[in-house]
Amino acid sequence: MIKFLDLYNINQQHKLKLTEAFERVLNSGWYIMGNELKQFEIEFANYVGVKYAIGVANGLDALILIIRAYKELGLFKDGDEILVPSNTYIASILAISANNLIPVLVEPDLGTFNIDPTLLEANITSKTVAILPVHLYGQLCDMKMINEIAKKHNLKVIEDCAQSHGALGDDSRMAGNLGDAAGFSFYPGKNLGALGDAGAITTNDTELATTIKALLNYGSHVKYQNKYKGINSRLDELQAALLNVKLGTLEEETSRRKEVANKYIKGINNTEIMLPQVKHQEAHVWHVFVIRCSDRDKLQKYLLDHQVQTVIHYPIPPHKQEAYKEWNNLSYPISEKIHREVISLPISQVMTDEDVQYVVDIINNYKG
Ligand SMILES: *Cc1c(COP(=O)(O)O)cnc(C)c1O
């Protein structure tokens, strides 16, 4: 079986260093808010090219905390609107709802799966305060146009970078440095994955960073003095230490993902299959390799019968979820088409050329 994602093998590549990091934390006697976190925050900020990286408990909290901080700073309030792609993973939308703001769904572009910037302005109202672009599947959104629109209408830009670690924009600035603030996830299956839950926020905004640091720690800058009604969303020393190890090889691993993706793009020539559109090679880090096929379920079964595991990102659009009953009767046709037709092929840094060629051959033999 070719696994969709072989996490065992991915982490075994780092076994010695991860074990060393674990022992270092175990023997330090210090498990929360110590040197490992400090070092990770410095190194991740350097990597992304921003002033501040702030470790948090997970990617959803990263987005929740950014919006919450803007509320505390008086820039957002309950009932304000944030534009977000209609086909994103639900967490991007939950982060808005969790803060009592209103998510306004904007359809994506069918070729890139990313928010269609030409549809943004029609969705802006007097209540709009931000755009939350999601670099879905690892490919950057059109940040030039998004930032221009945001500037014109005085909106904040909050990037969801949960799938786009290391993706580079036109001017070589990296995902996480292309808006006002960004949320990252280090869920184990993400391109930079911890061995548990973890996340980070990046920004160049000192006031925002300071506010977030308090909010994630009970609303406190100084122990036992609480400025805000905060939460506990700290990134622990152990996960930070493990992430320090894995950050060291992220670039190398991303290059391998790009090689695998290029082999798929060059190799797959079955006319039943629609390949993803790539704007710039550097702007896509291939968190997942998503193709479209009119009978997606049939293709998935065929691939499984031929020992190729796949995943659907995602089977149900956010507006059709029970959690968002109020949207269930709305229609987002492009998003619905994407959710009906997409299927993600195996991709990772540990796939061999033989594995990739096998998947290509099996797909090229598929008859719809
Ligand atoms: C994974 C993911 C998140 C949430 O990250 P967690 O660490 O799982 O909370 C948010 N947005 C997108 C697009 C994601 O893929």
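The values are calculated or read from the model by the stated rules, or taken from the named source; none is laboratory data. Values in this document were obtained by computation on a predicted structure and should not be read as measured data. FYI the Cβ positions are ideal-geometry reconstructions off the backbone, even for glycines, and counts take in every protein chain you see.
Name the residue, out of Ile32, Ile54, that is more than 30 Å from Thr310 (Cα to Cα), loosely packed, with under 15 Cβ neighbours inside 10 Å and touching a Lys or Arg at 6+ places or on another chain (Cβ under 9 Å).
On the way: Ile54 fails: loosely packed, with under 15 Cβ neighbours inside 10 Å.
That would be Ile32, the only listed residue that is more than 30 Å from Thr310 (Cα to Cα), loosely packed, with under 15 Cβ neighbours inside 10 Å and touching a Lys or Arg at 6+ places or on another chain (Cβ under 9 Å).
On the given criteria, is Gly183 on the phi > 0 side of the Ramachandran plot, within 16 Å of the ligand (Cβ to nearest atom) and crowded, with 21+ Cβ neighbours inside 10 Å?
No.
Residue-wise test of (1) in the same structural domain as Glu159 (by the TED database); (2) in a loop (DSSP other than H, G, I, E, B); (3) out of contact with any Pro (no Cβ under 9 Å at 6 or more places or on another chain).
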| residue | (1), (2), (3) |
| --- | --- |
| Thr19 | yes, no, yes |
| Ile42 | yes, no, yes |
| Leu75 | yes, yes, yes |
| Ser92 | yes, no, no |
| Asn100 | yes, yes, yes |
| Thr118 | yes, no, yes |
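Answer yes or no: is there a residue in region 22-36 that is in the same structural domain as Leu195 (by the TED database), at pLDDT 95 or above and within 16 Å of the ligand (Cβ to nearest atom). Can you show your working first?
Step one: of region 22-36, the residues in the same structural domain as Leu195 (by the TED database) are 22-36.
Pick out the ones that are also at pLDDT 95 or above and you get 22-36.
Still in the list and also within 16 Å of the ligand (Cβ to nearest atom): none.
No, region 22-36 contains no residue that is in the same structural domain as Leu195 (by the TED database), at pLDDT 95 or above and within 16 Å of the ligand (Cβ to nearest atom).
Condition first: modelled with pLDDT of 95 or more and under 27 Å from His14 (Cβ atoms). Can you find one or more residues in region 323-341 that meet it? First the steps, then the outcome.
Residues of region 323-341 that are modelled with pLDDT of 95 or more, as a first pass: 323-341.
From the residues that got through so far, the ones that are under 27 Å from His14 (Cβ atoms) too are none.
Scanning region 323-341, I find no residue that is modelled with pLDDT of 95 or more and under 27 Å from His14 (Cβ atoms), so the answer is no.
If you take the residues of region 156-171 that are touching a residue at least 40 places away in the same chain (Cβ under 8 Å) and away from the ligand (no atom under 12 Å from the Cβ), which of them is surrounded by the most Cβ atoms within 10 Å (Cβ to Cβ)? Steps first, please.
At the first step, the residues of region 156-171 found to be touching a residue at least 40 places away in the same chain (Cβ under 8 Å) are 156, 158, 160-170.
Checking which are away from the ligand (no atom under 12 Å from the Cβ) leaves us with 156, 166-170.
Values: Lys156: 20, Gly166: 21, Ala167: 25, Leu168: 20, Gly169: 20, Asp170: 14.
Filtering region 156-171 for residues that are touching a residue at least 40 places away in the same chain (Cβ under 8 Å) and away from the ligand (no atom under 12 Å from the Cβ), the one surrounded by the most Cβ atoms within 10 Å (Cβ to Cβ) comes out as Ala167.
Please indicate, with yes or no, whether at least one residue in region 210-229 is touching a residue at least 24 places away in the same chain (Cβ under 8 Å) and of a type in the set (Gly, Ala, Ser).
Within region 210-229 (the criterion being touching a residue at least 24 places away in the same chain (Cβ under 8 Å) and of a type in the set (Gly, Ala, Ser)), the answer is no, since none of the residues qualifies.
Taking only pairs six or more apart or across chains, which ones have beta-carbon atoms under 6 Å, a first residue in region 131-144 that is under 19 Å from Thr254 (Cβ atoms), and a second residue that is within 11 Å of the ligand (Cβ to nearest atom) and aliphatic (A, V, I, L, M)?
Hits for this filter: Tyr137/Val288.
What residue, of Pro276, Pro315, is free of Cβ contacts under 8 Å to residues at least 40 places away in the same chain, under 22 Å from Val84 (Cβ atoms) and not in a helix (DSSP H, G or I)?
Matching residue, one of Pro276, Pro315: Pro315.
Results for (1) within 16 Å of the chain's Cα centre (by Cα); (2) away from the ligand (no atom under 16 Å from the Cβ), shown as yes or no for each residue.
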site	(1), (2)
Ile96	yes, no
Leu105	no, no
Phe113	yes, no
Pro117	no, yes
Val129	no, yes
Lys151	no, yes
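Restricting to region 73-94, count the residues that are away from the ligand (no atom under 13 Å from the Cβ) and surrounded by fewer than 19 Cβ atoms within 10 Å (Cβ to Cβ).
Counting residues in region 73-94 that are away from the ligand (no atom under 13 Å from the Cβ) and surrounded by fewer than 19 Cβ atoms within 10 Å (Cβ to Cβ) gives 6.
Among the residues that make up region 244-263, is at least one of them more than 26 Å from Gly59 (Cβ to Cβ) and not acidic (Asp, Glu)?
Yes, region 244-263 contains at least one residue that is more than 26 Å from Gly59 (Cβ to Cβ) and not acidic (Asp, Glu).
Report every pair of residues separated by at least 6 positions or lying on different chains whose Cβ atoms are under 8 Å apart, first residue within region 55-66 and touching a residue at least 24 places away in the same chain (Cβ under 8 Å) and closer than 15 Å to Leu101 by Cβ, second near the ligand (Cβ under 7 Å from one of its atoms) and assigned to a loop (DSSP other than H, G, I, E, B).
That search, which allows pairs on different chains as well, returns nothing.
Listed here are the residues, each with its yes/no results for (1) touching a helix residue (DSSP H, G or I) at 6+ places or on another chain (Cβ under 7 Å); (2) surrounded by fewer than 17 Cβ atoms within 10 Å (Cβ to Cβ).
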| position | (1), (2) |
| --- | --- |
| Leu235 | yes, no |
| Glu251 | no, yes |
| Lys266 | no, yes |
| His284 | yes, no |
| Val288 | yes, no |
| Ser294 | yes, yes |
| Val311 | no, no |
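Of the conditions (1) outside any helix (DSSP H, G or I); (2) within 14 Å of the ligand (Cβ to nearest atom), Asp61 satisfies every one except a single condition; which number is it?
The failed condition is (1).
Scan Ile273, Ile291 and give me the residue that is over 24 Å from the mean Cα position of the chain (by Cα) and of a type in the set (A, V, I, L, M).
Details: Ile291 fails: over 24 Å from the mean Cα position of the chain (by Cα).
Within the list Ile273, Ile291, the selection yields Ile273.
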